Each structure stands twice: as structure tokens, then as C-alpha cells.
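Encoded as C-alpha cells, the structure appears first; notes follow it.
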Amino acid sequence: MNGSIVFDGVRFEYPGRPEPVADLSLRVAAGELVVLTGPSGSGKTTLTRLVNGLLPHFHPGRLTGRILLDGRDLAELENWERGRSIGSVFQDPRSQFFSNEVAGKIAFGCENYGLPHREIVERVHETAGALRLEGILGRALRGLSYGMRQRVAIASARAVDPRVYVLDEPSANLDLDSTEDLHELLRGLKERGRTVIVAEHRLHHLMDLADRIVCLREGRIETEFTADEFVALPEQRLVEMGLRMPSLEALRPRPCERPEPPAAASPIVEAVGLRRRYGRTRALDGVDLRLLPGQITALVGPNGAGKSVLGRTLAGLARPDSGEVRLRGGPARRSRRRHEVWYIGQDLDSQLFGESVLDELLTGRRHRDRLHGRATGILRELGLDGLAEQHPSTLSGGQKQRLVLGAALMDEAPVLILDEPTSGLDGRTMRSVSALLRRLAGQGRTVVLITHDVECALECCTRVVRMEAGRITDDTALRSVGQLLALAGRRAAPGRRRRTRAVRPGTSASWQWRPPTRARRRGR
């Protein structure tokens with residue numbers, strides 16, 4: 001089993017785009033782990049799609065040059081051969097789900113390739129153990145948090161055991177413990193000689209695994225580093241390149257530029273005894289929370305802790321089973337909260353409706369002509385002014401993040417709840433968005449950041465609230481990176497790994513695979 005990849009004079013152009021989004025030559029040796037990084041829209045996702053064959057077979061465009069897998073031109077391989085040899089994890093995990101439950105999704109690829117029954121069961125359990133998914137094998141995918149779905153997508157690729165793995169922003173929505181699981185998974189793949197290509201902004205979890213860091217810009221390779229060379233770069237050089245930091249432990253919270261509101265100040269939003277249950281899961285279990293004007297709060301905790309449910313409930317998008325949400329000291333109906341509390345969720349595509357980037361900020365608003373200048377200014381502030389006439393669906397994940405934030409800024413809601421707003425952002429844009437949030441807080445706006453992004457929280461937050469199992473367990477001022485890492489989920493010392501319990505097939509906690517009946521295959 002080899003797994004070498006060669007880009008030989010590869011150039012790719014999307015229809016209607018004047019510039020190529022890929023114009024490069026690159027060699028990835030068998031067993032090598034290569035990290036692709038660079039600004040949002042620099043071509044990282046395009047490069048991963050070229051490897052797994054989505055370009056040009058699924059997304060149309062003009063491809064010239066050759067991509068070789070172990071010396072064979074990928075264009076000459078059948079689709080099933082590419083799928084068996086190259087495992088993919090996409091930015092949006094839902095785009096690769098074809099089953100209703102977790103276990104079925106992990107087993108899906110193995111079933112397609114006709115593996116024996118016993119081997120499928122063993123692979124599902126072994127992979128679930130590696131990613132701490134044993135307890136949810138019977139759960140429906142639609143009921144999982146975004147981060148949990150990401151872990152399932154990673155597990156489904158790993159279960160097939162291809163020669164090459166291509167991962168596009170795999171840690172974007174993972175909590176710190178799950179990121180450690182991902183780190184150990186990648187370590188295991190490398191030890192087994194698999195080739196791994198990771199497109200990533202958050203680099204800290206890859207530094208002891210990466211053989212090379214390849215920096216892209218405008219579809220071309222700008223520069224390459226070994227991991228040692230990259231770690232040795234001065235912080236200012238990394239900032240100038242627009243990249244994230246290679247280590248979290250050396251970071252510091254940004255000094256507060258404004259006085260913190262006193263704890264006794266009147267909250268603009270207050271949650272009182274919120275409870276919400278989904279089946280057997282207590283998403284909210286008696287949550288009390290006060291949000292003060294001019295404060296930026298980091299809401300942290302493990303995937304599935306109830307953070308997004310709390311955000312949607314505060315914004316009037318979800319109804320609690322009991323408890324209430326108050327605005328400015330008084331009860332507030334959900335319809336009122338939807339006007340005053342703006343929630344930006346993780347599912348970006350469901351929040352984009354415009355025919356162009358500029359139209360997205362103006363859609364549904366009265367007096368569009370009067371607002372044109374303001375919308376243009378917001379796009380300029382978010383670094384999207386050069387894309388004003390482009391359709392939102394053609395943007396990269398990080399560009400969509402900024403566009404949805406721009407739509408929120410157009411509304412001037414006094415409270416902003418941002419659910420993983422920097423998951424797809426490069427270092428430069430993350431710092432720019434953080435500065436923008438600090439300015440909004442300085443104007444008296446209340447900001448809640450539901451996040452696993454330690455770098456962003458240190459850039460702009462002054463308060464950190466931890467949730468776990470539907471409850472708030474900690475609520476304190478943000479003082480240090482070590483404190484934030486502990487509250488965000490990494491309770492062990494950096495580099496130490498918590499062991500997970502293996503579940504043997506046939507035990508009461510295990511999932512049992514059964515082949516689909518004829519009726520199930522027909523979708524009945």
C-alpha cells in the first residue's frame with residue numbers, strides 16, 4: 001500500500017471565474033502528512049476536491065495538467081477506485097451523510113465495498129472507540145451537534161481505511177478534547193503509513209505531526225516550511241502572513257480596552273431556569289445567565305453541551321420546556337427577541353438568500369437605495385468588497401462566515417449571538433472580526449461567542465462561561481490561556497491523552513450491524 005500524490009502542472013478554472021483557483025505543482029510522498037494553509041479563498045478546498053475527484057466530475061470546470069496516485073492518472077480511475085483509495089472529510093459534514101443513524105453512517109462505506117459482516121462490525125466499533133463515539137452509535141444524526149457530526153464524518157472515512165486521507169477543516173467545529181482525539185487519529189494513520197492531506201486554519205494540533213506546511217495564496221503555492229521551521233517563525237511574521245499561531249500555550253488574553261460593566265449592572269438579556277429536553281437528552285437543565293451591555297462572553301464547553309440550544313432559545317428561535325428569557329428586566333415574547341437578539345448559526349447556507357454578496361445585505365430591507373452605501377462599507381470592513389457581485393454559494397466557508405456576520409451588522413440588533421463565527425477563518429480575518437466585535441462592544445452591544453476557537457476568545461472576550469450536559473458549570477472573568485483551555489475542555493496537561501473505554505462487539509453497549517432488507521433498500 002503506497003499513497004503518493006503528484007500534482008503535475010495542474011490548473012483549474014471554475015466557469016465564469018476570470019482567474020484560476022488552482023495553478024500548481026506539488027508532490028506528496030506516501031506516508032507524508034502535509035498541511036495546507038493560507039487565507040480564506042486561497043484554494044485549499046479546491047485542492048482537496050481535485051485529489052478526491054469532485055473536480056471536475058461533480059463541480060464543473062476546466063482542468064489541465066495531471067494528478068497522479070501512485071503513478072496512475074486519477075482521470076483514468078473509476079469513481080469507485082478513487083473512493084476506495086482516497087477517503088474524504090468535507091467542511092460541511094452533512095454533505096456526506098447518507099444514513100439516519102451514527103452507526104449506519106460509519107458502516108456505509110464498508111457496506112458499499114462489500115466487506116464481510118463481522119469485519120464491518122469490528123471496524124465500526126474500533127473507529128467509534130478511537131473517536132469516543134461508542135455511546136451514540138444508535139443516535140440519529142439529525143439530533144447531533146455540529147461538532148459531533150464532524151466527528152462522525154471523520155469516523156466514516158477512517159472505517160474504510162483508504163491509502164490517502166483528505167480532510168478539509170476537520171477541527172473547525174470540534175471541542176478541544178475532540179481535537180485531541182483527531183490528533184491521535186492522525187498520529188495513528190501516519191504510523192500505519194497512510195498519506196494525509198489536511199486543509200486547516202487552526203494549526204496548533206498538527207505541529208508535532210506535520211512533515212510540511214504548504215502555504216497557498218490565490219491558488220498557488222506561496223511558500224513551504226517544515227514543522228520545525230514553521231514553529232520557529234516570529235509571531236509578527238505569522239501575523240503578516242495572515243496565519244494562525246502554531247501553539248496555544250504561549251498566547252495571552254488581549255488587554256481590555258474598555259472598563260468592564262459592573263456585575264451589578266442591569267442585564268439586557270437574562271435566562272431564568274431554562275429547561276429543554278430532546279428525547280432523553282437534557283439540552284438545557286435549569287440554565288440561569290445574565291448578559292450585560294458592552295460585554296463579550298465566550299460560551300465554551302464540549303460538543304453537545306447545549307450551547308447552541310441556549311443561543312437559539314435566547315434569540316427566540318427555540319422554545320424552552322420551562323423557564324423564561326427576559327429583555328431589559330421584563331418578560332419578552334419570542335417574536336420580540338427575534339428582533340433584538342440576532343443569532344448566527346453554524347449552518348451558513350441556510351442563512352444566505354441573496355443573488356449576490358451585496359444583495360445578501362440588502363435582501364428584504366426597505367429603502368435599499370439608501371442602505372447601499374452602508375452595505376458597501378460593511379463589506380469593505382469584512383474584506384468582502386471585491387466579491388460584491390459574486391453569488392454567495394460560490395464563496396469559501398470563511399467568506400460565508402463573514403457575509404452572515406455582515407447581515408447581522410446591517411440590522412443593528414443590540415445583542416449578537418455568534419455560533420462558531422470563526423470556524424473557517426484564517427488568522428488575519430479572525431483578528432479582523434475580533435477587532436470588529438470589540439468595537440461593537442465599545443458601542444454598548446452585547447456579544448456572545450459560542451466557540452471552541454481559543455485564539456479568537458483570547459483576542460476579544462473578557463468573560464468565559466462553561467456549559468456541560470445542559471448546565472452552566474463555570475462563569476468567570478477571562479484571565480489566562482491556561483484557564484480558558486481548562487474551561488473549554490482540555491483538563492489534562494497539554495500533550496497528555498485521556499484513554500477511552502473500548503466497547504466489545506456483543507456487549508449491551510455495542511451496536512449490531514444488520515444487512516438492509518429489500519424493503520429498507522427501497523426506502524420503505
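Of everything in the range 394-404 that's among the polar types (S, T, N, Q) and touching a Lys or Arg at 6+ places or on another chain (Cβ under 9 Å), which residue is surrounded by the fewest Cβ atoms within 10 Å (Cβ to Cβ)?
As a first pass, look at the range 394-404 and keep what is among the polar types (S, T, N, Q): 394, 396, 399, 401.
Next, from what is left, pick out any that are touching a Lys or Arg at 6+ places or on another chain (Cβ under 9 Å): 394, 396.
Values: 394: 13, 396: 23.
Checking each candidate, the answer is 394.
Could you list, in sequence order, the residues of the range 188-217 that are surrounded by fewer than 15 Cβ atoms within 10 Å (Cβ to Cβ), charged (D, E, K, R) and in a loop (DSSP other than H, G, I, E, B)?
Here is the first cut: in the range 188-217, the ones surrounded by fewer than 15 Cβ atoms within 10 Å (Cβ to Cβ) are 188, 191-193, 208.
Then drop every residue that is not charged (D, E, K, R), which leaves 191-192, 208.
Result: 192, 208.
Can you name the number of the only condition in (1) within 30 Å of residue 133 (Cβ to Cβ); (2) open to solvent by 70 Å² or more (accessible area, probe 1.4 Å); (3) not in a helix (DSSP H, G or I) that residue 312 fails? Against the list (1) within 30 Å of residue 133 (Cβ to Cβ); (2) open to solvent by 70 Å² or more (accessible area, probe 1.4 Å); (3) not in a helix (DSSP H, G or I), residue 312 comes up short only on (3).
Let's see how each residue does on (1) free of Cβ contacts under 8 Å to residues at least 24 places away in the same chain; (2) under 24 Å from residue 2 (Cα atoms); (3) in a helix (DSSP H, G or I); (4) among the β-branched types (Val, Ile, Thr):
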| position | (1), (2), (3), (4) |
| --- | --- |
| 75 | yes, yes, yes, no |
| 83 | no, yes, yes, no |
| 88 | no, yes, no, no |
| 91 | no, no, no, no |
| 94 | no, no, yes, no |
| 99 | no, no, no, no |
| 105 | no, no, yes, no |
| 110 | no, yes, yes, no |
| 114 | yes, yes, no, no |
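Restricting 164, 124, 152 to residues that are without any contact (Cβ under 8 Å) to a residue 60 or more places away in the chain, over 22 Å from residue 248 (Cβ atoms), open to solvent by less than 10 Å² (accessible area, probe 1.4 Å) and not polar (S, T, N, Q) narrows the list to 152.
When you check residue 140 against the structure, is it buried (at least 19 other Cβ atoms within 10 Å of the Cβ) and either in contact with an Asp or Glu (Cβ under 7 Å, 6 or more places away or on another chain) or within 21 Å of residue 176 (Cα to Cα) (or both), yes or no? Spell out the reasoning first.
Working: buried (at least 19 other Cβ atoms within 10 Å of the Cβ): no; either in contact with an Asp or Glu (Cβ under 7 Å, 6 or more places away or on another chain) or within 21 Å of residue 176 (Cα to Cα) (or both): yes.
It is false that residue 140 is buried (at least 19 other Cβ atoms within 10 Å of the Cβ) and either in contact with an Asp or Glu (Cβ under 7 Å, 6 or more places away or on another chain) or within 21 Å of residue 176 (Cα to Cα) (or both).
Pairing each residue of the range 23-45 that is assigned to a strand (DSSP E or B) with any residue that is hydroxyl-bearing (Ser, Thr, Tyr), provided the two are 6+ apart or on different chains, yields C-beta distances under 8 Å for 27/4; 28/4; 28/195; 33/195; 36/48. Residues that are modelled with pLDDT of 90 or more and out of contact with any Gly (no Cβ under 7 Å at 6 or more places or on another chain) were ranked within the range 354-370; the one that is most open to solvent (accessible area, probe 1.4 Å) is 355.
Which strands (runs of 3 or more DSSP E) sit wholly inside the range 421-484 and have at least 3 residues that are among the β-branched types (Val, Ile, Thr)? Answer list for the range 421-484: 446-450, 471-477.
Consider only pairs whose beta carbons are under 6 Å apart and that are at least six residues apart or on different chains; among these, list those whose first residue lies in the range 313-324 and is at pLDDT 95 or above and of a type in the set (S, T, N, Q) and whose second residue is open to solvent by 50 Å² or more (accessible area, probe 1.4 Å) and outside any loop (DSSP other than H, G, I, E, B). As it stands, the answer is 322/275, since those pairs meet every condition given.
The values are calculated or read from the model by the stated rules, or taken from the named source; none is laboratory data. Remember, predicted model here, so these are calculated numbers, not experimental data. Positions of Cβ are generated from backbone atoms using ideal geometry, with glycine treated the same way; all protein chains shown enter the neighbour counts. The accessibility values were calculated without ligands, DNA or RNA, using every heavy atom of the protein model including side chains. Shrake-Rupley method; radii C 1.70, N 1.55, O 1.52, S 1.80 Å.
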